[in-house]
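Undergrad: There's a structure below that I have some questions on.
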Amino acid sequence: MNEEMLEQEISLPSLADADSLTLAEAARDLLDAKKASDLSIICVEGRSDITDYLVLATGTSAPHVKALAGELEYRLGLRDAHPLHTDGLNTRSWQIVDYGTVMVHIFDRETRAFFNLDKLYKEEKTEASE
């Protein structure tokens, strides 16, 4: 992140009382700034008992996946958004940062392709959207 982006981030509002979509978008934007790829936000409200939004991202390598998760936790923490749980610290191919209503999954390419959460939670087509 360049200095100008860092200065803008410092002045960003708190996420302590943010709605789920705002938090998901903040996570996506931060991961984008840190060179994650294949970013997506999937609304699973009503289809999942554990979260409202999934944020999916791909890192270029195991160290990048780990760094993305660490940076996400740190930078959103500066904005008063703290995860309830993190998982995958020992695997380095799939890290999960759980903010309750938003669950962030950061994969390496192979792991993302294998589990294919994008397809699993893909929006169902309706007659109106076909």
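Undergrad: Among the residues of the range 94-104, is any open to solvent by 40 Å² or more (accessible area, probe 1.4 Å) and either touching a residue at least 60 places away in the same chain (Cβ under 8 Å) or touching a Leu at 6+ places or on another chain (Cβ under 7 Å) (or both)?
TA: yes
Undergrad: Among (1) of a type in the set (Ser, Thr, Tyr); (2) under 12 Å from the mean Cα position of the chain (by Cα); (3) surrounded by fewer than 22 Cβ atoms within 10 Å (Cβ to Cβ), where does SER61 come up short?
TA: (2)
Undergrad: Find the residue count for the range 7-53, including only residues that are in contact with an Asp or Glu (Cβ under 9 Å, 6 or more places away or on another chain), within 22 Å of PHE107 (Cα to Cα) and either open to solvent by less than 60 Å² (accessible area, probe 1.4 Å) or at pLDDT 95 or above (or both).
TA: Residues flagged as in contact with an Asp or Glu (Cβ under 9 Å, 6 or more places away or on another chain), within 22 Å of PHE107 (Cα to Cα) and either open to solvent by less than 60 Å² (accessible area, probe 1.4 Å) or at pLDDT 95 or above (or both) within the range 7-53 amount to 17.
Undergrad: Residues that are more than 15 Å from SER40 (Cβ to Cβ) and not aliphatic (A, V, I, L, M), at least 1 per element: which strands (runs of 3 or more DSSP E) completely within the range 59-113 meet that?
TA: Where strands (runs of 3 or more DSSP E) fall fully within the range 59-113 and carry at least 1 residues being more than 15 Å from SER40 (Cβ to Cβ) and not aliphatic (A, V, I, L, M), they are 85-87, 94-98.
The values are calculated or read from the model by the stated rules, or taken from the named source; none is laboratory data. For clarity, every value in this text was computed on a predicted model and none was experimentally measured. Quick reminder, even Gly has a Cβ in these numbers, built from the backbone with ideal geometry, and neighbours come from all protein chains shown. For the accessible areas, the whole protein counts, side chains as well, though only heavy atoms, and no ligand, DNA or RNA atoms are used. Shrake-Rupley method; radii C 1.70, N 1.55, O 1.52, S 1.80 Å.
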